[in-house]
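The block underneath contains the structure these notes are about, expressed in structure tokens.
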Amino acid sequence: MTKHVVIVGGGYTGTCAAIQLSRQARQPLDITVIEQRASVGQGLAYSATDPDHRLNAPDMVHFVTPEDQDALRRWFEDQGGPAFDAAADSGGDVLFIRRRDFGRFLREQFDAYQADNPSGSTITHLQATAKDLEKADGDFLLGLDQAETLNADLVIVATSNERPAIPAPLRPVADHPALLGDPWGRAALGAIPKKAAILLVGTALTAADVIVSCLREGHSGPITALSRRGLQSTRRAITPGTYAVPFWSRITADTSIFVEKHGPQRRVLELLRSLRRDIRAAEANGLPWQAPFDDLRDSVWEIWPALPLDEKRRFMRHLRIWYDIHRYRLPPQLERPLDDAVASGQLRYAAAHLESACAAGEAIAVTYRHGPSIQTETFDTVINCTGPDPRPDRTDNPFLRALVARSLARPSPIGIGLDVDDDSTLVTPSGNKDPRLRAFGPLTLGQFGDPQGTPFILRHICRTMPQIVNLLEQR
Ligand SMILES: Cc1cc2nc3c(=O)[nH]c(=O)nc-3n(C[C@H](O)[C@H](O)[C@H](O)COP(=O)(O)OP(=O)(O)OC[C@H]3O[C@@H](n4cnc5c(N)ncnc54)[C@H](O)[C@@H]3O)c2cc1C
């Protein structure tokens with residue numbers, strides 16, 4: 001009988017999992033992607049409708065099969081190249097494509113594999129919300145929001161980015177009309193009065209997207225972006241040749257660049273010291289900090305799983321915020337509008353601790369603390385830009401809740417995403433594993449350290465897929 005694989009979530013991760021399965025299977029499979037959105041491929045990141053929301057890395061690191069890393073560039077040229085999107089080219093011979101266009105590209109890739117794939121598999125997008133998962137007679141039984149249930153031989157969890165959680169100090173105003181809890185709704189941003197005083201909670205990439213959208217829509221009121229340290233997203237340093245070495249080879253070598261250079265290091269302080277030394281050496285040679293930092297980033301797949309748990313926790317407590325701000329960089333197109341807004345005084349970044357918030361008529365009064373000084377300010381609109389919530393114990397995603405409630409999964413030991421082993425198999429609360437239940441993408445950050453960017457996600461999918469194929473053949 002044809003084996004049935006169900007993939008829950010049809011963003012980048014689910015799309016790539018379906019494509020890789022259909023490429024690598026040696027016999028036809030039934031592959032169902034359960035995706036609650038109308039279209040596969042978009043997910044949270046690439047369903048952006050705003051033309052200023054761009055990929056935060058160049059075209060050549062966004063692909064769905066390592067065998068064809070130029071596909072997005074070709075697709076862009078086929079659309080008309082600069083006539084289609086003149087601003088995509090930011091110099092340095094790399095493109096920063098609009099996220100919505102990458103979502104379209106992914107959907108078209110999915111459609112192409114649906115029409116024809118090497119194993120002759122059937123690929124179906126079922127528009128539904130997965131709500132439950134049970135084991136029944138050796139099969140999996142998936143509960144959906146529709147009356148239907150589905151049987152599956154193997155399930156892949158690719159639900160990934162959860163909506164941002166409302167920070168505790170803002171919870172008393174969670175239902176206030178002046179609080180925008182979800183920053184990715186373009187309609188809601190468009191409805192903000194142009195002169196409104198805006199507070200953004202969060203100062204990194206999501207905040208940058210929101211600021212640039214507001215400015216383009218003619219916002220003239222003051223904008224404050226606040227976070228504990230007030231750190232802004234860092235900038236890229238692209239020169240011709242920056243991307244000369246194919247990215248894929250950097251993250252699929254036998255030994256990673258950083259480990260090759262420094263040997264295995266098991267303490268975050270040691271790693272930090274090595275990185276600082278590398279940065280000093282690079283700068284002495286006139287090279288930017290980004291080059292040695294990227295050597296570390298592209299080695300996380302080897303370094304992170306080898307760290308002892310208390311070192312991982314130490315990193316999460318003290319360094320993650322610094323790592324993230326250097327790792328997730330602005331698309332170059334956003335630099336100018338942000339700089340101009342700071343220079344004109346319309347935009348200010350504040351380092352402060354959010355204390356509390358309460359309704360002040362149609363506005364919200366926010367109290368924040370900077371050192372010993374406590375201040376209360378009133379804002380017409382407050383936007384939550386804290387980014388996707390990675391904690392499965394707080395999620396309202398019914399499928400993730402069911403996985404945990406039915407003891408099929410547990411949160412990762414560092415509290416982010418779900419616990420998986422090195423083969424992406426979910427680990428249950430008692431430490432057991434069923435190799436027919438896997439997870440890919442940002443949900444596996446606790447185990448792999450950096451499965452956020454598209455090539456890192458794909459690396460794990462490609463690495464694990466031969467095992468999944470073998471397993472299906474044995475059943
Ligand atoms: C705003 C933003 C911008 C980003 N930009 C980039 C970038 O430029 N480059 C890059 O490499 N990475 C970027 N990332 C990282 C991003 O997480 C990954 O690139 C990738 O998009 C993750 O895809 P995913 O499919 O795992 O997750 P998601 O995009 O979150 O997709 C998960 C999908 O699962 C569906 N789903 C969830 N639960 C259920 C359920 N119970 N039933 C049915 N369907 C369900 C959701 O509807 C969603 O479509 C960005 C992330 C964000 C949040």
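Residues checked against (1) over 24 Å from Ala165 (Cβ atoms); (2) among the hydroxyl-bearing types (Ser, Thr, Tyr); (3) within 16 Å of the ligand (Cβ to nearest atom):
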{"site": "Asp324", "(1), (2), (3)": "no, no, yes"}
{"site": "Ala359", "(1), (2), (3)": "no, no, no"}
{"site": "Ala365", "(1), (2), (3)": "no, no, no"}
{"site": "Pro390", "(1), (2), (3)": "no, no, yes"}
{"site": "Ala409", "(1), (2), (3)": "no, no, yes"}
{"site": "Asp422", "(1), (2), (3)": "yes, no, no"}
### Message
If I filter region 448-468 for residues that are closer than 20 Å to Leu142 by Cβ, in contact with a strand residue (DSSP E or B) (Cβ under 8 Å, 6 or more places away or on another chain) and either open to solvent by less than 10 Å² (accessible area, probe 1.4 Å) or not assigned by TED's automatic domain parsing to the domain that holds Asn56 (or both), do I get at least one hit?
### Response
yes
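Being within 16 Å of the ligand (Cβ to nearest atom) and open to solvent by 50 Å² or more (accessible area, probe 1.4 Å) narrows it down to one of Ala343, Ala405, so name that one. Steps first, answer last, please.
Numbers: Ala343 fails: within 16 Å of the ligand (Cβ to nearest atom).
One residue alone meets the criteria, Ala405.
Tell me, which strands (runs of 3 or more DSSP E) wholly within region 354-393 include 1 or more residues that are among the aromatic types (Phe, Trp, Tyr)?
Per the criteria, 363-370, 373-379.
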### Query
Only one residue in Thr224, Thr149 is in contact (Cβ under 8 Å) with a residue 40 or more places away in the chain and of a type in the set (Ser, Thr, Tyr), so which one is that?
Thr224
### Query
Taking region 143-169 as the region of interest, how many residues are within 10 Å of the ligand (Cβ to nearest atom), closer than 23 Å to Ser412 by Cβ and open to solvent by less than 40 Å² (accessible area, probe 1.4 Å)?
6
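Conditions (1) more than 12 Å from the ligand (Cβ to nearest atom); (2) over 16 Å from Leu154 (Cα atoms); (3) out of contact with any Ser or Thr (no Cβ under 8 Å at 6 or more places or on another chain), marked per residue:
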position: Gly14; (1), (2), (3): no, no, yes
position: Leu21; (1), (2), (3): yes, no, no
position: Gln24; (1), (2), (3): yes, no, no
position: Pro28; (1), (2), (3): yes, no, no
position: Gln42; (1), (2), (3): no, yes, yes
position: Tyr46; (1), (2), (3): no, yes, yes
position: Asp50; (1), (2), (3): no, yes, no
### Index of the failed condition, Ile251 passing every other in (1) in a helix (DSSP H, G or I); (2) within 23 Å of Met60 (Cβ to Cβ); (3) open to solvent by 20 Å² or more (accessible area, probe 1.4 Å); (4) hydrophobic (A, V, I, L, M, F, W, C)
(3)
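So, of the residues in region 110-132 that are of a type in the set (Val, Ile, Thr) and within 14 Å of the ligand (Cβ to nearest atom), which turns out to be most open to solvent (accessible area, probe 1.4 Å)?
Of region 110-132, the ones of a type in the set (Val, Ile, Thr) are 122-124, 129.
Still in the running and within 14 Å of the ligand (Cβ to nearest atom): 124, 129.
Working: Thr124: 62, Thr129: 29 Å².
So, considering only residues that are of a type in the set (Val, Ile, Thr) and within 14 Å of the ligand (Cβ to nearest atom), the one most open to solvent (accessible area, probe 1.4 Å) is Thr124.
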### Query
Here are some conditions: (1) part of a helix (DSSP H, G or I); (2) open to solvent by 50 Å² or more (accessible area, probe 1.4 Å); (3) not small (Gly, Ala, Ser). Asp324 meets all but one. Which one does it not meet?
(2)
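Conditions (1) in contact (Cβ under 8 Å) with a residue 24 or more places away in the chain; (2) in the same structural domain as Leu445 (by TED's automatic domain parsing); (3) under 19 Å from Gly453 (Cβ atoms); (4) in contact with a Phe, Trp or Tyr (Cβ under 7 Å, 6 or more places away or on another chain), marked per residue:
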position	(1), (2), (3), (4)
Val259	yes, no, no, no
His262	no, no, no, no
Arg267	yes, no, no, no
Glu270	no, no, no, no
Ser274	no, no, no, no
Ile279	no, no, no, yes
Ala284	no, no, no, no
Asp298	yes, no, yes, no
Glu302	yes, no, yes, no
### Query
Leu309 versus (1) in contact (Cβ under 8 Å) with a residue 40 or more places away in the chain; (2) open to solvent by less than 40 Å² (accessible area, probe 1.4 Å): which is the lone unmet condition?
(2)
### Task
Only residues that are open to solvent by 10 Å² or more (accessible area, probe 1.4 Å), of a type in the set (Phe, Trp, Tyr) and assigned to a loop (DSSP other than H, G, I, E, B): list them for region 56-76, please.
none
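The values are calculated or read from the model by the stated rules, or taken from the named source; none is laboratory data. Everything quoted here is computed from the prediction, not taken from an experiment. For neighbour counting, all protein chains shown are included, and Cβ atoms are generated from backbone atoms with ideal geometry for every residue, glycine included. These area figures cover heavy atoms from the full protein model, side chains too; ligands, DNA and RNA do not enter into them. Shrake-Rupley method; radii C 1.70, N 1.55, O 1.52, S 1.80 Å.
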